[in-house]
1. Using only the Cα atoms of the range A:273-347, build the gyration tensor, take square roots of its eigenvalues as a ≥ b ≥ c, and label the shape rounded, prolate or oblate: rounded if a/c is under 1.5, else prolate if a/b is larger than b/c, else oblate.
2. Simple spin-label model, 7 Å along Cα-to-Cβ: B:GLU28 to A:LYS75 in nm?
3. Taking R0 as 45 Å, what's the FRET efficiency between A:LEU157 and B:LYS71 from their Cβ-Cβ distance, rounded to 0.05?
4. As a test of the formula, what do you get for the protein assembly as shown when each DSSP H run with n ≥ 4 contributes -39,500 (n - 2.57) and the sum is divided by the residue count, at 222 nm and rounded to the nearest 500 deg cm²/dmol?
5. Going by alpha carbons, how many degrees (0 to 90, nearest 10) lie between the helix axis of A:261-278 and the longest principal axis of chain A?
6. First check a/c for the range A:49-202, with a ≥ b ≥ c the square roots of the eigenvalues of its C-alpha gyration tensor; if it is under 1.5, answer rounded, and if not, answer prolate when a/b is larger than b/c or oblate otherwise.
7. With r defined as the distance between the Cβ atoms of A:LYS139 and A:ALA319 and R0 fixed at 35 Å, what FRET efficiency is calculated, to the nearest 0.05?
8. Quick check: the angle from helix A:294-312's long axis to the longest principal axis of chain A, C-alpha only, nearest 10 degrees?
Amino acid sequence: MDSKKGIIFTGAVIGILAVVLVRFGNPVNMGICIACFIRDTTGALGLHRAEVVQYIRPEIIGIILGAFLISLAKKEFDVRGGSSPFIRFILGFVVMIGALMFLGCPLRMVLRLGGGDLNALFGLAGFASGIVVGIIFLKNGFSLKRTYKLSQLEGYLFPLFNAGLFILLLTAPAFIFFSSKGPGAGHAPVWIALAAGLIVGVLVQRTRLCMVGGIRDAILFKDTYLILGFISIIVFASLGNLYFGFYKLSFAGQSVAHADGVWNFLGMALAGWGSVLLGGCPLRQLILAAEGNVDSVITVLGMSAGAAFAHNFSLAASAQGPSPNGKIAVLIGFALLLVIAYFNLERDAKATVQGGVKIGAN
Amino acid sequence: MAQIDTRGMSCPQPVLMTKKALEVNSTEVTVLVDSKTAKSNVERYLNLTGYTINTVELDGETNTFEISAKKK
C-alpha cells in the first residue's frame, strides 16, 4: 500500500477511529496518543504514582500486535539492533519530556488540531522548528550508525511482553494501578480499544506513516508522501469531531491541555528534534519495535522511563500549565540533544562523497 | 559510477546517502538497501528526481535489494 491513496486512507481511518474512541470514553482529543498512553501504562505498572494517569492502554498493545502480525505475514519482520542503543534510550526519554510539556505526542498534536485546540498551533510551530534543527544535523552527517542482525527471540520478546500486558489488563491483579478519576479513568471498552489499535498498527506498518517523517521529507527531499497522511488525520479528525459535537475552536478550556504558548512551542520543538534524530515519531517507534527493531524497543523503554521520571519529579505539565521542574527538564533536554547531535556527526561523510566512488561501505 | 551501501542504516539515511551520491555523480547510482521501507523510500526519491530504476532482490539475504538508477 505504498501509494498516496493508501496513506490518505490510513490518515482518514486514524482520524475517525480517534474520534470514535473519544465517543466510547477516551479523553477528548486523546483517542490515540502514544506518549500519553505509554505514560498511562507505565503508571499502571506502578513505575510512577500519579493517580490520575494509570491504565494499561489496549490501543498501544493493539498497535504493536497489529504491526507485528502484518510484518510477519508480509515477511518484513526482521530482528535488528545495535545502532547506538543507549543514545536512543536517552532520545526516547527526552522526546517524552517534551511531549509531556506539551501534553501529547505528535499524533495527539495533530488530533488536537483536528479538535479545534488552537494551543496545538504553537505545538505545531515548535514541532516544525525542532524538525528543521534536526535536519541541519542530518545534512551535516548525523548518524546513529548501523544496525546488526540479532536472534529471532530478541525480536519476539516485545510483542510477547505486550500480550502479557493485555493479560494483566484483563485480569486486573491487585498490584496493577487503574485510575478512578482523571484522564486515566477515561477509556473506551477494552475490546473496542484493542481492535482500533490493531487496525492502526496494520495500516501504519503498511504505509510507514510517521508524523515527524511528513514534515522532514517535505523539507529535505520535497517528498510529500508522508505529509499527506499527517494532513489527512487533521481533516478527518475535524470532520469526526464536528459530527459528534466534540469540536471546540479555542485556546482556553481545552481537554488535557494548557494555554502557555511558549512552553507548548518548546515542548514540541524538543519532541520534534529528538524524533528526527531517532528517525521517527513515537508512533513510528512502536511500529518499528513490533517489526523486530530492537533499537526502537529500547527507545520505547526510554519513553517509558521518561514518563516515570516526568511524574515522579513533577516535570509533566497539567491543565494549569507547565511546572517549574518541567521547564528546567525541557532546557536540559535541549542541551542533551545538542550534545548527542554534535558528537554523532560523521565528519568524514562529506570527504567520502567527494572522493566519489563508495559511500557507506564498511 | 557511485555505489552506496545503506544496509543497516535507519530512516532517512538511505535516501540522504543516495542524494549525496547524486550530488557528486548525477548520471547513475547503485544503492544497496536491506529493508522494504528503505527500498520504497529510495525508489520514490529517485522517481521524484527523474531517474529510471531497475531493482533486483539479492539471493540469500532477506529483504535486500540492489537499486540501479540512471538519469532519464
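The values are calculated or read from the model by the stated rules, or taken from the named source; none is laboratory data. All values reported here derive from a predicted model rather than from experimental measurement. A quick note on method: Cβ atoms are made from the backbone with ideal geometry, for glycine too, and the neighbour counts reach across all protein chains shown. For accessibility, only protein heavy atoms count, side chains too; no ligands or nucleic acids. Shrake-Rupley method; radii C 1.70, N 1.55, O 1.52, S 1.80 Å.
1. Details: a/c = 2.51, a/b = 1.34, b/c = 1.88.
Oblate.
2. Placing both labels 7 Å beyond Cα along the Cβ direction yields 2.9 nm.
3. Details: r = 46 Å, r/R0 = 1.01.
According to the calculation, E is roughly 0.50.
4. Details: 17 runs with 262 residues, N = 434.
Only helices count here, giving -20000 deg cm²/dmol.
5. Relative to chain A, helix A:261-278 is tipped by roughly 50 degrees.
6. Working: a/c = 1.78, a/b = 1.08, b/c = 1.64.
Oblate.
7. Details: r = 39 Å, r/R0 = 1.11.
In this case the efficiency is close to 0.35.
8. 50
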